[in-house]
Structures are given as structure tokens and as C-alpha cells.
Amino acid sequence: MAALDPFFKPQRIALVGASERGMYPAGILRNLLDYGFQGQLYPVNPGRETVFGLPSYPDVTQTPEPADLAVLTVPRQAVLPVLRQCVQTGVRAAVIISAGFAEADDEGRRLQEEMAEFLQDKPLRVLGPNCAGLAHIPGRMIATRLPAPPRPGPISFVSQSGALMMALYGLFSDRMLGLDHLLSLGNQVDVTLADSLSYLVAAPQTQAIGAFVEGLGDGRPFVAALREALQAGKPLVLVKSGRTEVGRQAAATHTAALTGSDRAFQAVCDQFGVITVEDVGQMVDTLQVLAAFGPRLEGAQRLAIVTQSGGLGSLSADLAHRAGLTLPPYGQEVQNRLHQLPFLLSFGDLGNPADVRGASVIGPNTEQTLAPFMEDPETGAVLLLLAKSSVREEDAATAQAIVSVARRYEKPLLVVWVGQRQPVGDIEWQPAARILAEGGVPLFDQPSDCIRALSRAVAYWQYRRTWLREEGENGG
């Protein structure tokens, strides 16, 4: 990890090209200031005496102390001279936001090749060029542009697309999912996808990793990183573009990505338990489930579905069956406990899905209704289906009861809530969706997204158990 620590744990940052204007020249420094970076900040711009009230220095060699990290937002012709200054003064890491290199034109390719040759025997590590920066959220080291305040948590995300990294941060923020590390790779002149994955696997607070990949260089370090992730129990959820000829051409013009055989790529992912998904929405869904429950998902293939809507229940049963999840029948003890509830208006024994009707999942009743399912030893997870508004005061009370149940039991509890999310006019209570998000209960708009995410997460932990056993038997 030491090689990449200067990127994520610097004490001193030089911002080369810093300004009070411009998306990156101003935005990165502004985020570091606003989000509470605790180290020293050295704006570097020979044309300014101060930037946002901080003294500005003519070049990297003239900062009060050598920076640990330099962030470059300068024209492409100026990048290599700045890197030479970084080596001269002992800067250990540099992030090149500047674009216009191998992804752009012949001159850009020449400049990138010259940069790569220069770096070969130097102690300086470089992220980029053509990237959007990086962040260590718990350390408030936000050397990128984030649309929402940082929220620490167990998910790390690496992307070859800078814009997508920042946009997905917004999606994580909407769901109140905390993050550990973020980084944008750009053209990978030095730090590669494999380097970053190995770093994230070793990061103690990271429990699940998301990645957006456009292409790979040398596949051997990538395979080694996948093995490390599986061994450590750090599930990797990956979206890859460039899987068709049209996509490969687009990737080459975006981050100069090298793409190879899609079949070989998928085979390697399958071998090491990587969860590959089709789009970024599926990635966020799956990461949400993985981060919420971790290894507890290994037994979640046996699912209890509790529903307030018979139609939603039957639809979810179809989806669960197709996803490889099983719906075991409830034993007599569970049935007896349910029939003792005065508000559960049912006739005869309940099947799985269990249609508990509306009154059973309103306010405090919800906690009593869910308890028998959460305590049933025959199931490994509970999915609650609600088909009603989520903006009324009674819905907020229902959400609070759900969070209370989720915190009482180890068994994973997920919620699909189909219905109105936006209130008409002002409300004096916290919306149900926010209560569930803050309580760490995975919430979905429709059963298909939830069940697919759960199925992928369960398959990962079951595959890892088998893989570890076989590795042990083979002396791996």
C-alpha cells in the first residue's frame, strides 16, 4: 500500500495551475478547503499572489516544504516540465487532471509516450493523465469535485471515466451509502487499474469495491488483483464498456483504453468471483446489498418474502425463482406466532410469499409482524414488499419500525417499496425513504432490481466459500 499512500494520505498538497476560476483549477482547491482537509495546501501559479486567500507559489520547487502530492491542472505542454520539478523537489505522487494526451491526437500520444519514458526510472508515481482526481473520504482528502458532502463508509469505487466517477458519487450520496476511496484512472500512464484494485483490497475500511472499466493493459497484474480480492473477501462489482467493436472505438477516444477479447475477460472474472453487471445502476444496487450485509449473505439464498400486496408477492416469487433463490415454506411455529397477531387478517396458514395484508405493516405493527420471519431458522434473509405511499406520517413510522427490526437481528432485511415517493407540499416528518437509508436498510423501487442484486451477492459469497475450500485442498 505504501506506493499509493501519498495519493490518499498526503500531508502537503501542491495544486499546480490553481485558480479562483475554472472547473478543476478552482473546484479541487475549493473542495479541499470546504471539506476540511487537515494538511497544508500550496497553490502553485506564477500569475497569482494568492488563491482563495492562500499564498501562491511560482512553481513546485518553491513551496515551503516539498509536497507529498501534486495535482496538475495545466496545459498539456506544461505537464512534463512540472513532473521534472516534482522529481527534483522530492514530490512522491502526482495527479494529472490535464487532458489532450493519447486519447486526443498524434501530438497527445507523443507527449504521453515521452511522459511514460521519463517516469520509468523515477520514484514519482502518477495518476492520469486525463483523469478527474481522487478522494479518501474518511480523511477528508477530496482532490476531485464532489457534488455532495463526503460520507465515510465501506464502499470504494475506481473508474476509468472521470465524469462517471463524480456522477456515481452523487448516486451513492442519494442512497446515503458511505464511501472509503474514490479514484479516476484516466489514461493509466503509470498507476493502473490493477494497482488501484490491489490498494483498495488492502484498505482496512473497504468492504466492497465497484469499478468501471474501459480497457486493460497487461492482464497479469489484473488477474493477481482479482485473486487478492477474492482471497480477502472484498467483493468486486464491475461494469465494463468496450465489449463490442463500437464500444471499443469509443473507449479508445475517451481514455485511450486498450481492449482485448471480451470472452477472455469474462472468463477471468468468472474464475475469481468478480460480479459483472450491465450498467452502473445494477452496480450501485449490488454494492448496496454487499456493503449492508457482507458475509451474512452466504445463507441468504433461502428467502422469506413478506408482502402487503398479493400481486407484488407473486411477481417477486417468479423473479426469485428465476434468480436461483428458494422460498422455503414456513414451519408451524412461525404460523402460530403470526396467527396470534390481532391485526394480521389472514385465513389459514401463510405461504411464502406471505401476504400479511395492510394493517400488519403500518407503524409499530410492522415490527411485530416481521419478528417471526427474522427469527425463523429455515430462512437466511427477509424481503419486505410494500405497495403504498411512502410519504405519509404513518409511512415514516413504518420505516422506523423496519429499521428497529433490522438492528435487532443479524438476518439481512431488504425492502421494496412501490408507491409515491415525492410528497405533495411540505411535510413535518422525515420521509420513509430517508429513514430507511439512514438506518442502513437497502431500499428498492421495484422487486427485479432488489432480487437481482441479492442473487448476485449471495452467489459471490457461496462461490468464495467453494473457492477457498478448493484452494486449500490444492495447496493454493
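Every number in this text was worked out from the coordinates using simple rules, so none of it is lab data. Because the structure is predicted, anything quoted here is derived from the model rather than measured. Using ideal geometry, Cβ is built from the backbone for each residue, glycine included, and neighbour counts are taken over all protein chains shown.
General remarks:
- Solvent-free Debye scattering, log10 I(q)/I(0), computed from the Cα coordinates of the stretch 96-156 at q = 0.27 Å⁻¹: -1.09
- Placing dummy labels 7 Å off each Cα toward the beta-carbon, the span from Ala232 to Arg322 is 3.6 nm.
- Projecting the Cα atoms of Gln422, Gln462, Asn474 onto the charge dipole of the stretch 402-476 (Cβ charges, centred on the Cα centre) puts Asn474 farthest toward the positive pole.
- A Cα-only calculation for the stretch 5-277 places Rg and Dmax at 18.0, 56 Å.
- Cross-link partners for Lys388 among the aspartates and glutamates, with Cα-Cα distance under 20 Å and sequence neighbours closer than 8 places in the same chain left out: Asp355, Glu367, Asp426, Glu428, Asp445, Asp449.
- Every pair of different Cα atoms in the stretch 294-462 enters the Kirkwood calculation, which places the hydrodynamic radius at 15.9 Å.
- Rounded tilt (10° steps) of 280-293 against the dominant C-alpha axis of the chain: 70
- Calculated mean residue ellipticity, 222 nm, the chain: -13000 deg cm²/dmol, from DSSP H runs (n ≥ 4) at -39500 (n - 2.57) each, averaged per residue and rounded to 500.
- The order of Thr192, Thr366, Thr326, going from fewest to most other C-beta atoms within 10 Å of their C-beta, is Thr326, Thr192, Thr366.
- Mean Cα-pair separation over length for the stretch 109-252, i.e. relative contact order, pairs under 8 Å, 6 or more apart, %: 23
- Ordered by the count of other Cβ atoms within 10 Å of each Cβ, fewest first, Lys388, Lys9 give Lys9, Lys388.
- The angle separating the long axis of helix 310-322 from the principal Cα axis of greatest extent in the chain is about 60 degrees.
- Fewest neighbouring Cβ atoms within 10 Å first, the residues Thr286, Thr89, Thr398 line up as Thr89, Thr286, Thr398.
- For the stretch 26-83, the Cα-based Rg and Dmax, in that order, read 11.5, 32 Å.
- Relative contact order (%) - criterion: Cα under 8 Å, at least six apart; region: the stretch 70-142: 34
- Reciprocal of mean inverse Cα separation for the chain (Kirkwood radius, Å): 24.2
- The angle between the Cα long axis of helix 447-473 and the main principal axis of the chain comes to about 70°, on a 0 to 90 degree scale.
- The chain: relative contact order as a whole-number percent, Cα under 8 Å and 6+ apart: 10
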